[in-house]
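Enquirer: Structure below; questions to follow.
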Amino acid sequence: MGDHNTDTEAILRRALEASGQRFTEQRSAVFRFLRSTESHPTADEVFLRVRSDVPGISLATVYKSLETLVGCGLAAKLTYGDGSARYDGRTDDHHHVRCLECGSVVDLPGRVDAHEVHRLEASAEGFRVTGVRLELTGYCPGCDTPTSAAPA
């Protein structure tokens, strides 16, 4: 069994090469952090964590590295109507719960029944479905207070 960091670097090198991109230590640090967390961080959060490994890294470089990883299929960018974005190092088929108060995003265990997904796709007449992203929204335990539970 190989060293986890060596395996992670090999995965990154292959994906970057396949997309015509160069391997850099900055991209490697961002990728290692994304693979190590389940927190679905913002670019700012990635920057704060990665700069201890790569002291000279800039926020702009973190943004560019994240977008490169998304372009190579090694990360997913979760965007919302308010313009915010979070990054997910998990690219397999999975779903999320998102807090409407603090914005945290957490992986949702379990699967949606494939028959139900196909039924929904069939009802989208004329629409070419290319993927499914299920997200439950509400309030996390830390934010679920009687005032936040009141209807808007």
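Enquirer: Which of the following residues is within 22 Å of Phe31 (Cα to Cα), loosely packed, with under 12 Cβ neighbours inside 10 Å and under 17 Å from the mean Cα position of the chain (by Cα): Thr91, Thr68, Thr79?
Expert: Sole residue among the options that is within 22 Å of Phe31 (Cα to Cα), loosely packed, with under 12 Cβ neighbours inside 10 Å and under 17 Å from the mean Cα position of the chain (by Cα): Thr79.
Enquirer: Residue by residue through the range 1-53, note down the ones that are of a type in the set (D, E, K, R) and under 27 Å from Ser84 (Cβ atoms).
Expert: Arg27, Arg32, Arg35, Glu38, Asp44, Glu45, Arg49, Arg51, Asp53, listed by residue number.
Enquirer: Please verify whether Leu12 is part of a helix (DSSP H, G or I) and touching a residue at least 60 places away in the same chain (Cβ under 8 Å), treating the condition exactly as stated.
Expert: When the stated conditions are applied, Leu12 passes them.
Enquirer: Same structure, new question: Could you list, in sequence order, all residues of the range 119-148 that are assigned to a loop (DSSP other than H, G, I, E, B) and touching a His at 6+ places or on another chain (Cβ under 9 Å)? Full working, then the answer.
Expert: Narrowing the range 119-148 to residues assigned to a loop (DSSP other than H, G, I, E, B): 124-134, 139-148.
Passing the criteria: Val132, Arg133, Leu134.
Enquirer: Same structure again: Is it true that Ala60 is in the same structural domain as Gln21 (by TED's automatic domain parsing), out of contact with any strand residue (DSSP E or B) (no Cβ under 9 Å at 6 or more places or on another chain) and not acidic (Asp, Glu)?
Expert: So Ala60 fits the description; yes.
Enquirer: Right, here's the next one. Out of the residues in the range 94-144 meeting the condition of being among the small types (Gly, Ala, Ser) and touching a Cys at 6+ places or on another chain (Cβ under 9 Å), tell me which one is surrounded by the most Cβ atoms within 10 Å (Cβ to Cβ).
Expert: Ser104
Enquirer: Can I ask one more? Hey, does the range 55-77 have a residue that's touching a Gly at 6+ places or on another chain (Cβ under 6 Å) and not β-branched (Val, Ile, Thr)?
Expert: yes
Enquirer: Further question: Taking the range 50-64 on its own, how many of its residues are among the polar types (S, T, N, Q), over 13 Å from Thr24 (Cα atoms) and modelled with pLDDT of 95 or more? Give the derivation first.
Expert: Start the filter on the range 50-64 by keeping residues that are among the polar types (S, T, N, Q), which leaves 52, 58, 61.
Subsequent filtering for residues that are over 13 Å from Thr24 (Cα atoms) retains 52, 58.
Now drop any that are not modelled with pLDDT of 95 or more, which leaves 58.
So the count comes out to 1.
Enquirer: Failed condition for Val50, given (1) under 13 Å from the mean Cα position of the chain (by Cα); (2) within 26 Å of Gly142 (Cβ to Cβ); (3) surrounded by 19 or more Cβ atoms within 10 Å (Cβ to Cβ), with all others met?
Expert: (1)
Enquirer: Being without any contact (Cβ under 8 Å) to a residue 60 or more places away in the chain and among the hydroxyl-bearing types (Ser, Thr, Tyr) is the filter here; which residues of the range 60-116 pass it?
Expert: Within the range 60-116, Thr61, Tyr63, Ser65, Thr68, Thr79, Tyr80, Ser84, Tyr87, Thr91 meet the criteria.
Enquirer: When the range 83-118 is examined, which residues are found to be in a helix (DSSP H, G or I) and small (Gly, Ala, Ser)?
Expert: Within the range 83-118, just Ala114 meets the criteria.
The values are calculated or read from the model by the stated rules, or taken from the named source; none is laboratory data. All values reported here derive from a predicted model rather than from experimental measurement. We place every Cβ from the backbone using ideal geometry, glycine too, and count neighbours over all the protein chains shown.
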